[in-house]
Amino acid sequence: MRRANFGAIGIAFAAALWGTDPLFRYPLANRFPATLVVLGEHLIVLPVALVLMVLGLRRLRRLAWTDWLALLVVAWGSSALATILFTEAFTLVSPATAILLQKLQPLFAVVGARLILRERLPRRFGLYVVISLLGSYLVSFGFSPLGALGSQSMAGPLFAVGAAALWGMGTVLGRLLLRKIEFPDVTAMRFLLALPLLVAINAVGGALTKAAPVTGTDTAMIIALALVPGLISLLVYYLGLERVPASLSTFLELAYPATGVLVSYLAFHQGVTWGQAIGFALIWLMIGQLATEPEAPARQVTGLSLEKGA
């Protein structure tokens, strides 16, 4: 009997927590500017992130300037800009559509893993690609042929695809950084480095002047958004990413859109067809198979370093 890969299980669990995102983000996105919602998330997490940074100072001092550049890309790209794009997409397309377009993330992550991390493709990689594409299509459109799909404004889908690209590269660079520092360090710096950019974006855009009055429900939602699909899930995710190659991790992250569609069905009463149900099952069967792949600790894997000559 093959041993369970607890890193893979952790990533799938974290991604499933991300699937709760629409419960909180969708109502907030319809009341506040996207940039302000994302800033609120980061402010809620700020005290915990500061504590984690202080605890990891010894490790952070070992980083080269190129490592800090990678952290900045993760923070500004994956934590700030990608989340803003994704939140904005919620105001232009349905929550399910925004989540489903996020499933393009594996394409960006696999290319990045090959070019930056020099990862060899895992066994049965082709099978995983076929299952993920088939499962993703079915979850998105059921048995409908492409020609039967209606057209819609391109802005919302493009925002969602842009977020997927930034999150895909964030997976790759996060794995690279975990060769030198621990998972709480990456999580903390992802939030902390993104905060100045978010403050600047909101100040320039005048988001505070456009904000609706904040109710008790809004406060509860932003706290839940920051902690559940935010801080807690990212800590579990980076813990798992220490043990799983980025090229495999990105398939495990499909638990996010699969769970997100289920949440949209339960919370927003969006119907689910038999085709979508089959796609949902295919994705989770693939995740179950990936959960038995051997672990590959980041610090025992050689590959391209950001440092010149390394």
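The values are calculated or read from the model by the stated rules, or taken from the named source; none is laboratory data. Since the structure is predicted, the reported quantities are computational estimates derived from the model, not experimental observations. Ideal geometry is used to build each Cβ from the backbone, glycine not excepted, and the neighbour counts take in all protein chains shown.
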Review point. Just to be sure, is residue 64 small (Gly, Ala, Ser), more than 25 Å from residue 208 (Cβ to Cβ), touching an Asp or Glu at 6+ places or on another chain (Cβ under 7 Å) and surrounded by fewer than 21 Cβ atoms within 10 Å (Cβ to Cβ)?
Key: yes
**Study point:** Number of the exception - residue 72 against (1) buried (at least 18 other Cβ atoms within 10 Å of the Cβ); (2) within 18 Å of residue 164 (Cα to Cα)
**Key:** (1)
Check your understanding: Taking the stretch 1-45, which residues are polar (S, T, N, Q) and not in a helix (DSSP H, G or I)?
Key -> 5, 20, 30
Practice item. Among the numbered conditions (1) touching a Lys or Arg at 6+ places or on another chain (Cβ under 9 Å); (2) within 18 Å of residue 192 (Cβ to Cβ), tell me where residue 52 comes up short. Key: (1)
Check your understanding: Do you know which of the residues in the stretch 205-216 that are outside any loop (DSSP other than H, G, I, E, B) and without any contact (Cβ under 8 Å) to a residue 40 or more places away in the chain is nearest to the chain's Cα centre (by Cα)?
Key -> 216
Check your understanding: Could you list, in sequence order, the residues of the stretch 265-287 that are modelled with pLDDT of 75 or more and loosely packed, with under 13 Cβ neighbours inside 10 Å?
Key -> 266, 274, 285
**Study point:** Count of residues meeting criterion [modelled with pLDDT under 85 and either closer than 15 Å to residue 254 by Cα or basic (Lys, Arg) (or both)] in the stretch 1-18
**Key:** 2
Revision key, fill the gap. Within the stretch 25-53, restricting to residues that are modelled with pLDDT of 90 or more and under 16 Å from the mean Cα position of the chain (by Cα), the one that is surrounded by the most Cβ atoms within 10 Å (Cβ to Cβ) is 38
